[in-house]
Structures are given as C-alpha cells and as structure tokens.
Amino acid sequence: MKLIKKELIKELNNKKIVLGNGFDLFCGLKTTYKNFFESQSDNYIYFDNFVKSFIKDNYGSKYYHNHSISILSKVYENTIWDLVFYLMSNNKQKTEWCDVEVIIKNTFINQNLIKWNNVLEIIQHRNTISEKHKYDYVCASFLEIKYSIDNPITKDEFYDLLYEELTIFEQKFGQYIQKEQEQNEEYINNAINTLIKFTNSTNQIVSIDTFNYSNISIHNKWCFTKMYNINGTVTQPIFGYFSPTTDPLTNEHRFTKSHRKTLASFENEEIKKEDFFEHLIIFGHSLNEQDYNYFFPLFDDLDLNNTNCLGKLIIAFTIYDSNKRKEIIETLTKRLIKMIYEYEKSSGSSGNRLYDKLQYKNRILFYEIDNSEEDISEFFDKNCLTFNETTNKFEEL
C-alpha cells in the first residue's frame, strides 16, 4: 500500500511542533526584520544624514563629525542597535530573520565592520580613527553625544549602555509585532488552518513551541495545546547570540541567548511542563546555528542517535516564491545536513554518518505546505469542539 506523506504525518501521535518566523509569514504577518526596518524608514533618513555628516579632515586620513541639531534630535530617539543594524543591513536586498542575532554576535567576536572593542577604545582615548574604521567612530560618537560622556568610561559601564540600549530596541520591536498581529484579523484563522495540516486531532499534539514573539494561544479561538514562546513575547522579546566558546564571566556573555533567557526565567512564575513526544515537526525555521542550543536537546529526546528508534523528524516548508523553488530547497537541504552533522559531532560521534542513517530509516521527512484551505469546521466536529458565541471560546460538544 502506497503511503501518502501528508496522510502519514496527520496520523502520527505524540507530535511536538516547533514554529519559526516562516509560520507567521505564511499566516499573513509581516514580521521579518526587513519589515520592521521598512516601518522605521523615516528614522533611518536621519541615520543616513548622521553618517554622511562624518567627513574627512584636510589630510583625508581621519574623520570628524559636523552634525546639525535637527539631525541629532531625531537620531537619538533611536538606539545604538538601530544604528548598527542600519549600517549593516541598509543596502541588503533581503534581510533574513536571523540576521539581527548574527550581527549582534559578530560585533562581539570582531567579525563585523563594527567592533565594540574598537568603539570602546575610541571613547576611552578620545582619538579619531582611519577610514576603514569609520563605522566604529560613528557608533562611538553616537554614544558619547547621546549619553553626554565627558569622561572615559570603564568597560563595565560601556557594556551596561549596550545592554540597556538593546532592551529598549527589543521593546520597540515587540510593539511593532503586537501592532502587526492586532491589525491582522485573519491571523488566528490562518494559524489554525495551517496547524491542522499537521494533525487529525488536537490530542495528537503534545506541545507547540514558537520562536515568534506573537502568542495566539491566549486568543479565544485557540483550540490546541498551549503555545510556548522560546525567545520571549511581544512584551519582552529576547535577542541574543549562540557562542559556546564565550566565557560566561565576561561582559560579552550577557548578550548570549542562554544568558538572557536565564535572566528572564528569574521573573517568570510559570514553569513549562515536560512533554513526551515521539515525532518532531519543525515549520518555518531557517535552521540557523543561532538556535542549535535549542534544537539539540530536542534531538536527544527524539533519540536521533538510536538506530532502533522510529521517531520522525519532519521539516515542513513553503515555496514562498515559485521562481526560487530550487534555491529554497537547496538552502534548506544544506542547513539541515549541517545541523545534523553538528549534532552528531556534539554527541561525541564522528564520521558524519548520522544523516544518511536517518534517511535510510525514513526518519527524516520533508513536507511542503501549500495555500490550500483545510476544512476547519470539519476538524472541529471531529475533535468535538464548537465555538460558543456566549463565552467566545471553543468548547467540547
């Protein structure tokens, strides 16, 4: 008997679903960093003028700034991170969701045009800098003027400023996501319509984790298990980078996702329940290395290294541009193979054989999600759910 992939996935029990930004995009929300960037376009006009106001001296070797008051007042309504992301992303045709965290990481590990070590040195020693370090000088000037830094500051004070500025930026980003969700009346219906593509019954889904800041499980129409926000919610988004080699005792470690999520847990009274799952569905995630520290423990629970285990890893995806179908599939393939390879290596194995074993055992499935409409009413009938207009919630019949 020929198995149809969609039917097989829908019939699986004990499924855990992990949602990336592609889920929100598929459901109609404009939640990429590029979307946010475009919504801030008026502010970035002032950034452009601010950067252009740094001009070469008479010798053509160093920079000094010649700002107008009108430019400065608008520029400092933003954060140093707005400026950094503008400088690093302004000319890109496409900015991926993970770019923000990659840029944050690279400023700390000295792989960006902007390096915080250089910025701090400029502030501490009041020196100008050569053309190749212009962006460092721009950022140093921004912090000096915005915070009226008259005396050299310590490294701890400098990183405190960066941290404070990041939390302000996160709040602004969260407000944008919240507004986007509130304005999209079809979002909850689209979300339910998408999730039922993975299952025949709400009871088959043991948990849903999302990397998005939006949270639809508090909506009155929500009929699935509670959704957990991995990186915070619209009221407290968390940006951070993954770097297992960063010393936890350094200032830089404060900006890693592990450190920031740990701090957030001090304020969270709710404890996420442990869930047993046999199959893992990942939808709309780019599989970038910034989130390996989240996925690898899930792979442990899925027992990927056990050749006798039958649990499936399902990578769901969409072709958001038919002209880029080959490119989308090729990119997803490379990233999944790299992720499995890095997981195998982190588990102490060698030889890069795990991916081939998983394919041989049919434990890896690729599932393309299309825009076809599912019958939501039929799904609710099968699950004995009906929408009570009095309570404004879904209830059992």
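The values are calculated or read from the model by the stated rules, or taken from the named source; none is laboratory data. All of these numbers come straight from a predicted model, not from anything done at the bench. Don't worry about glycine lacking a Cβ; one is built from the backbone with ideal geometry, like all the others, and counts go over all protein chains shown. Ligands, DNA and RNA are stripped out before the accessible areas are found, and what is left, the full protein with its side chains, is counted by its heavy atoms. Shrake-Rupley method; radii C 1.70, N 1.55, O 1.52, S 1.80 Å.
Assorted remarks:
- Set of segment 1-38 residues, backbone N closer than 14 Å to the point 7 Å along the Cα-Cβ line of Gln204: 4-17
- Label-to-label distance, nm, for residues given as Asp150 and Glu373 (7 Å Cα→Cβ offset): 6.7
- Candidates Thr245, Thr256, Thr199, ranked by Gaussian network fluctuation over the chain, Cα under 10 Å, top entry: Thr245
- Helical mean residue ellipticity (222 nm; -39500 (n - 2.57) per DSSP H run of 4+; nearest 500) of the chain: -13500 deg cm²/dmol
- In this calculation the C-beta distance from Asn362 to Glu11 is compared with R0 = 25 Å, giving a FRET efficiency of 0.95.
- Using the alpha carbons alone, the radius of gyration of the chain stands to its Kirkwood radius in an Rg to Rh ratio of 1.01.
- Loop-located GluC sites (Glu not before Pro) in segment 146-238 whose Cβ has at most 13 other Cβ within 10 Å (DSSP): Glu185, Glu186
- Accessible-area composition of the chain, carbon plus sulfur, in percent [1.4 Å probe]: 47
- Extension gain (nm, one decimal) between Leu310 and Ser39, 0.36 nm per residue minus Cα-Cα: 93.0 nm
- Per DSSP, loop GluC sites (Glu not before Pro) in segment 215-307 with at most 14 further Cβ within 10 Å: Glu269, Glu270, Glu274
- Most mobile listed residue (Cys309, Cys139, Cys223) in the chain, GNM with C-alpha springs under 10 Å: Cys309
- Choice from Ile71, Ile315, Ile114 showing the highest fluctuation, given a GNM over the chain with Cα pairs closer than 10 Å: Ile71
- With θ taken as phi - 60° and the Karplus curve 6.51 cos²θ - 1.76 cosθ + 1.60 applied, the whole-hertz 3J(HN,Hα) list for segment 235-250 is 7, 8, x, 10, 9, x, 10, 9, 8, x, 8, 6, 5, x, 8, 8 Hz, x standing for glycine and proline.
- Backbone amide hydrogens, once placed in the peptide plane, bring Ile314 within less than 5 Å of Leu280, Ile281, Ile282, Leu365, excluding anything fewer than 5 places away on its chain.
- A P(r) calculated from all alpha carbon pairs of segment 215-361, with 5 Å bins opening at zero, reads 2, 7, 13, 17, 19, 17, 14, 8, 3, 0 percent.
- Taking each of Lys16/Lys197; Lys10/Lys382; Lys15/Lys105; Lys257/Lys324 in turn, the alpha-carbon distance tops 22 angstrom for Lys15/Lys105; Lys257/Lys324.
- Principal axes of segment 113-269: Cα extent on each, largest first, Å: 65, 34, 30
- Accessible surface, the chain, averaged per residue in Å² (probe 1.4 Å): 51
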